[in-house]
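Written below as structure tokens is the structure these notes are about.
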Amino acid sequence: MTHGTRMSRAEMDHIDSSLFARSLLSMGQTMSTANVIMQLANPAIGYGVARSTVESGRLDRHPVKRARTTASYLAVAAMGNADDRRRFRQAVNRQHAQVRSHANSPVEYNAMDPGLQLWVAACLYMGWEDIYTRVHGPLSGARREKFYQQGKVCGTTLQMPAELWPADRDAFTTYWNEQTTRLRIDDEVREFLLGIAHFGYAPTWVQKRYGPVKYRRTIGYLPEPFREALRVDWTPANQRWFDEYIAAQVARERRKPLWLSQLSFRILLWDVRARARLGRPLV
């Protein structure tokens, strides 16, 4: 795999991401759980999250806070300025420094590992490229490459150096295909992920009312290698349901002006800046 160009931290924090930011649409909320599963299909990340001792950051115990933190990170990475990115990185670093493997862990992991952050950034990129193309249409030529190069902010806003990002979109495809041959979801992590997919962390009435739809759309968004690693069934009937669901979501999204579709991310960016001014925790 060919890697990208070395950049200073200041240069990475000043990356123009205005085109990539157009992918941050409200419809993206429907694929968020699938993206978490994709990230955690890397066993080091899977065990790192499932066994995390950072209580405040656990999705299964503090779902609203964790969802807000992740969405705030995306808002900062794609829509923020250099100061926003620097401040948020410092806040996340304090959390990530505590996430590491222990003596009894089946795999070794460290949330500060740039290689693991590359994988997380790659999953985020794939998820938002998918949303962009569904709503705005296919990316091709110079526009595809520009979108891809701006997408590196998914990793450079944390510790991932720019040179780890595959050099171009074709090199990224090579990296992605190689990584998807190494997916592994053990029973412990699988139980954790299926619980999230079924709304297992929510009150019983929420699970009963919204769990089936959340599960089907989550599995629907997963590329086939991830479904295989998760060991879930996916029938033609499931696919037809998902195609109809997505068609309705896309139609609804296209009727909205961009500012409205991105409003929740703009509010989160405003919240991050307000918290910074008031000296309140960002994560």
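Throughout, read-outs are computed from the coordinates displayed, never taken from laboratory work. On a predicted model such as this, the values are computed, not experimentally measured, just so you know. As a convention, Cβ positions derive from the backbone with ideal geometry for all residues, glycine included, and neighbour counts pool all protein chains shown.
Some values worked out for this structure:
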quantity	calculated
Residue-count net charge about Met27 - beta-carbon cut-off 12 Å; Lys, Arg +1, Asp, Glu -1	+4
His3 long-range amide H proximity, modeled H, under 5 Å	Ala167
Helix-only mean residue ellipticity at 222 nm for the chain, each DSSP H run of n ≥ 4 adding -39500 (n - 2.57), per residue, nearest 500	-19500 deg cm²/dmol
Likely footprinting exposure, Thr181, Thr218, Thr70, fewest C-beta neighbours within 10 Å first	Thr181, Thr70, Thr218
Sorted by Cβ neighbour density within 10 Å, fewest at the top, the residues Glu129, Glu188	Glu188, Glu129
Dipole magnitude of the chain, debye to nearest 20 (Cβ charges: Lys/Arg +1, Asp/Glu -1, about Cα centre)	1180 debye
Per residue convex hull volume, Cα atoms of the chain, in Å³	137 Å³
For the chain: lysine pairs under 29 Å (alpha-carbon distance), excluding those fewer than 8 apart on one chain	8
Modelled FRET efficiency - R0 51 Å, Ser264 with Thr181, Cβ distances, 0.05 increments	0.90
Fewest-first sequence of Ser17, Ser264 by Cβ atoms within 10 Å of each Cβ	Ser264, Ser17
Span-rule helices in the chain, defined as complete DSSP H runs reaching 30 Å or more along the axis (Cα) with Kyte mean at least -1.0	114-136
